[in-house]
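Worksheet: the structure to be examined is printed underneath.
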There are 2 protein chains.
Amino acid sequence: MSTALDDVLARLDHGLDDSLARLFALLRIPSVSTDPAYDRACTAAAAWLVETLSGLGFAASVRPTVGKPMVVAHWPAPDAGAPAATAPNGAGRVLFYGHYDVQPPDPLELWDTPPFEPRIEVAEDGSRRIVARGASDDKGQLMTFVEACRAWLAATGSLPVPVTILFEGEEETGSPSLPAFLAAHREELKAEVALVCDTSMWEPGVPAITTTLRGLVAEEVTITGPDRDLHSGLYGGAAINPIRVLTRILGALHDDRGRVCMPGFYDGVAPVPDAVQRQWDGLGFDLAGFLGGVGLSRPAGEDGVPALNQLWARPTCDINGICGGYTGTGAKTVIPREAFAKVSFRLVGGQDPAAVRDAFHRFVRDRLPGDCVARFENHAASPAIVLATETAQMAATRAALASEFGTDPVLMGCGGSIPIVGQFKRDLGIDSLLVGFALDDDRVHSPNEKYDVASFRHGARSWARVLAALGARG
Amino acid sequence: MSTALDDVLARLDHGLDDSLARLFALLRIPSVSTDPAYDRACTAAAAWLVETLSGLGFAASVRPTVGKPMVVAHWPAPDAGAPAATAPNGAGRVLFYGHYDVQPPDPLELWDTPPFEPRIEVAEDGSRRIVARGASDDKGQLMTFVEACRAWLAATGSLPVPVTILFEGEEETGSPSLPAFLAAHREELKAEVALVCDTSMWEPGVPAITTTLRGLVAEEVTITGPDRDLHSGLYGGAAINPIRVLTRILGALHDDRGRVCMPGFYDGVAPVPDAVQRQWDGLGFDLAGFLGGVGLSRPAGEDGVPALNQLWARPTCDINGICGGYTGTGAKTVIPREAFAKVSFRLVGGQDPAAVRDAFHRFVRDRLPGDCVARFENHAASPAIVLATETAQMAATRAALASEFGTDPVLMGCGGSIPIVGQFKRDLGIDSLLVGFALDDDRVHSPNEKYDVASFRHGARSWARVLAALGARG
């Protein structure tokens, strides 16, 4: 005798092609948040999600902000005022978060096919993957949850727990509109736990729950010297060159042992607890494979720090972009007026984003020659996150994933940043569960981004199981 | 009773507007040599010059090369074979050199009017200037000589000395086709002295003869790390970042006292002879005005070296361009696959261009982490030049300039490079005279390049006098 869950899982399996078609429709919308040229596409993506969720039976709507619009959807539809926090069976409401915005697709010439024309590619090992910008980060991931809800509602007419869905459109640009939105909708968004599907599996076939995230500070610095471009013969030697100043400053950010040289940078960095370190050491991380997969052979972080710690538990500084002077074909012997760089820092433990920003500004200003001026622009500032691992929802989720994959999920750290998790805790008082089905070779933020069909399929089935497990607790 | 020279000078004065119209026609041709997109314009500029010189009575023709075409013109037209080296009056042939190619106009948005639509601008002090890319470097300058020849031929039917004109189209890109052309046309181009009009006056109203030039080595270096762009959260800390590597290497090129750190770089740099140093010290160089004119206040070269020496007699290293990663609007937390920089060195004395290139390659490779690869492209390599000051032609030229301007010309160094001068000596055995009428505020290589109408007018009159003075020596 099949249970409701069996029926839901069967529907998901039979409806896979239709669900892929729906994901493709969302992937075709070029919802790039970092560039105003794509504003209308972002609006279109939000509208598509509202229409889709409404069709399932959610009370869904677009919520404008000063930036990109939010999508908010509730099941069951609220009678009046805020939605109920608890289901009739006593199970608490879950708040599912995702983001419909994607990274810019450039450099376009490195894509095998256009980034917003999704397609199924068959890999050498016969596995099928969805290729498009946003396939993994985050549209494929968020649609696993939407499809799980669809299958539950089609099979039983209801969801095992009350569900609120929140999709934003600015995650790739630091979610500037989110704090004010959360503050203004605290009652409407209250829930027992937040579910976030923006992380990875440990490896194909082995699920994971992410329990630590790094923070992020992203800055842009522009150095100006002469008041115009100069001829490097007529002025070279006497005139200060902003590219020389900028490279000298950036070149001094790290020492020869891979440490960041900004005073105070490591304040708030805590050692990894022994139990966690033992667990990480026992994971059998294939460093050679991880680096080899991108053409590298040796870790470039701090001397003497294990590679997983370099990725999950140590702060970093990276120059994401640099530009100045003549960069076209051939030579132009110019001393440019200015040069700029985009610099970001990944934070861990108790590092304070504002302190890191200040340290960076001081580091630059302390090294500026008298004739040069520096100006800064901030693009992101969020602290690191450590999540609880001993909760009832965590136990339920671990069991659901073990059932789907036939192996216990790994509790892993993540080198990336998901600021929403900190904001949910700080602004809404809600803890988060981070379960995702992406893979390290998904090429997120790179050309030819992909998401395995197996991730999409098992992801939706996993959420169907997680919803059942959370509902059974009531 | 007026002399032939008086007649010539009067014709130049009366025909100024017509001569400006001819210069404008040449300025309208966007003959940018550094970018193949402008190839046809370069060919058009060469054709215009041949047509113009033919119309004056020169035997002129376009000479194709593997790169941009040369323009060669002789007066008088050779009867057969090579042109005569000596005039009937015994005066030796002069070889006038100029270049019809110009620098790229970017950044376009900083031009007040389109760079290839020349116009007369009236400055605050009432002086008139020609504004266009190439107005000063080098079209305005070369046309001063062409107009002097036009006036002589119109007034007398002949020139005081035999004249060969050589215009090339690749000076801004290191003149790659020139060595082979000189070698192949040694007989045709032989002359007693070369005249080059590509330098500056000491200040408005004070003419100059340039006696030293710096050499130039221009390189492009590209550093590659991972085999694709990476997400800086997922890979940051473990993956090497080519921008970090590049900035660290470039940032190490100079020490805190402004010296270039490449081993062997200063080999061949000679101290300035006492007599020359005394002359330079007596020039009353207005450093504050020179730097203040471009928004700067302090010289950025080697500590303890006088500013004129930093510009004329010391070698330099400048980064002309740098690019890597994401440089568009907003943030993108990427570790890019590669980054590149365009680096050039100005040479003095006996510094060997090939040795400087090798030193730069070694400097980069010695600092490359194991996973990174560097590749290089060379755009220019020419040594410094020191010219003789005690020749008969020099004395004749000094006198001619003193007559025109009412003050003796300054014997000055130049921070820029004119490789042709070295090639004339090495390949043709010809010494050069460098007389030009540009000014420091001409904004060469920058937006809104200009050439004073007074420079154009006095320049043409000066060449008319110089031709007379050189012809009188026979």
All-pairs Cα distance distribution in segment A:230-361, expressed in whole percent, bin size 10 Å = 10, 30, 28, 19, 9, 3, 0
When the charge dipole of segment A:202-328 is computed with +1 on Lys and Arg Cβ and -1 on Asp and Glu Cβ about the Cα centre, the Cα farthest towards its positive end, among A:Pro299, A:Gln310, A:Gly205, belongs to A:Pro299
Pull out the extension gain between A:Arg186 and A:Asp255, defined as 0.36 nm times the separation in residues minus the alpha carbon to alpha carbon distance; nm, one decimal.
-> 20.3 nm
Computed [θ] at 222 nm, helices only, for chain B once each DSSP H run of length n ≥ 4 contributes -39500 (n - 2.57) = -9500 deg cm²/dmol
Counting only protein heavy atoms and rolling a 1.4 Å probe, one gets per residue an accessible area for segment A:280-432 in Å² of 37
Kindly provide the GluC sites (Glu not before Pro) of segment B:146-220 that DSSP labels as loop, not H, G, I, E or B, and whose Cβ sees at most 14 other Cβ atoms within 10 Å.
-> B:Glu187
By how many degrees, 0 to 90 and rounded to 10, does the Cα axis of helix B:16-27 deviate from the longest principal axis of chain B?
-> 30
Across the identical copies, how the A:Leu108 labels are spaced - nm, sorted shortest first, 7 Å along Cα→Cβ = 1.7
Rounded to whole angstroms and listed largest first, the alpha-carbon spread of segment A:384-474 along its three principal axes comes to 43, 33, 18
Say each of A:Glu117 and B:Asp281 gets a label point 7 Å from the Cα, pointing the same way as Cα to Cβ; how far apart are those two points in nm?
-> 7.3
Tally Lys/Arg at +1 and Asp/Glu at -1 over every other residue whose Cβ is under 10 Å from the Cβ of A:Pro383; what's the total?
-> +1
Taking K and R as +1 and D and E as -1, what net charge do the other residues with C-beta under 9 Å from the C-beta of A:Ala252 add up to?
-> +2
Please name which of A:Gln277, A:Val245, A:Thr173 has its Cα lying farthest along the dipole of the protein assembly as shown towards the positive end, using unit charges on Cβ (Lys, Arg +1; Asp, Glu -1) and the Cα centre as origin.
-> A:Gln277
What size of dipole, in debye to the nearest 20, comes out for segment A:320-363 about its Cα centre when the only charges are +1 on Lys and Arg C-beta atoms and -1 on Asp and Glu C-beta atoms?
-> 120
Sum up the charges of everything whose Cβ sits under 12 Å from the Cβ of B:Leu5, counting Lys and Arg as +1 and Asp and Glu as -1, but leave B:Leu5 out.
-> 0
Largest first, how would A:Arg22, A:Arg214, B:Arg186 line up by accessible area (1.4 Å probe)?
-> B:Arg186, A:Arg22, A:Arg214
Rounded to the nearest 20 Debye, what is the dipole magnitude of the protein assembly as shown about its Cα centre when Lys and Arg each give +1 and Asp and Glu each give -1 at the C-beta?
-> 260
When DSSP beta bridges are limited to those with both residues in chain A, what percentage is antiparallel, rounded to the nearest 5?
-> 70
Of all alpha-carbon pairs in segment B:217-271, indicate the percentage at a distance above 12 angstrom.
-> 75
By how many degrees, 0 to 90 and rounded to 10, does the Cα axis of helix B:353-366 deviate from the longest principal axis of chain B?
-> 10
Between segment B:384-402 and segment A:165-216, how many Å separate their Cα centres?
-> 76
Express in nm, to one decimal, how much length is gained between B:Asp6 and B:Ala47 on full extension, taking 0.36 nm for each residue of separation and deducting their alpha carbon distance.
-> 11.6 nm
Which Cα, out of A:Leu53, A:Ser31, A:Ala77, lies furthest along the positive dipole direction of segment A:1-85 (beta carbon charges, K/R +1, D/E -1)?
-> A:Ser31
Determine the gain in length on full extension of the stretch B:Ala84-B:Ala154; use 0.36 nm per residue of separation and subtract their C-alpha separation, reporting nm with one decimal.
-> 23.0 nm
For segment B:17-76, the per residue accessible area (1.4 Å probe, Å²) is 42
Considering the rotational relationship between chains B and A, which residue of chain B contributes the beta-carbon of minimal distance to the axis, and what is that distance to the nearest Å?
-> B:Gly251, 1
Entries of A:Lys139/A:Lys425; B:Lys68/B:Lys450; A:Lys139/A:Lys342; B:Lys139/B:Lys342; A:Lys139/B:Lys332; A:Lys68/A:Lys450 with Cα pairs more than 21 Å apart | A:Lys139/A:Lys425; B:Lys68/B:Lys450; A:Lys139/A:Lys342; B:Lys139/B:Lys342; A:Lys68/A:Lys450
Taking the Cα atoms of chain B, what is the range of coordinates along each of the three principal axes, in descending order and whole Å?
-> 87, 50, 49
Using only Cα atoms, tell me the angle between helix B:39-56 and the longest principal axis of chain B; keep it within 0 to 90° and round to the nearest 10.
-> 10
For segment A:43-97 the mean separation of alpha carbon contacts under 8 Å (6+ apart) over residue count, i.e. relative contact order in percent, is 24
What is the Cα centroid distance between segment B:427-465 and segment A:424-468, reported in whole angstrom?
-> 67
Using the reciprocal of the averaged 1/r over all distinct C-alpha pairs, how large is the Kirkwood radius of the protein assembly as shown in Å?
-> 31.6
At 7 Å out from Cα toward Cβ: B:Arg426 inter-copy label distances (nm, ascending) = 6.3
Relative to the other copies, what are the label-point distances for B:Pro204, with labels 7 Å from Cα along the C-beta vector, expressed in nm at one decimal and sorted shortest first?
-> 7.5
Using alpha carbon centers only, segment A:49-122 is separated from segment A:346-373 by a whole-angstrom value of 36
Based on Cβ point charges of +1 for Lys and Arg and -1 for Asp and Glu, what charge dipole magnitude is obtained for segment A:68-181 about its Cα centre, in debye rounded to the nearest 20?
-> 620
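The values are calculated or read from the model by the stated rules, or taken from the named source; none is laboratory data. Model, not experiment: these values are computed from the prediction. Methodologically, a virtual Cβ is constructed for each residue, glycine included, from the backbone with ideal geometry; neighbour enumeration extends over all protein chains shown. Protein only, heavy atoms only, side chains kept; ligands, DNA and RNA dropped before computing areas. Shrake-Rupley method; radii C 1.70, N 1.55, O 1.52, S 1.80 Å.
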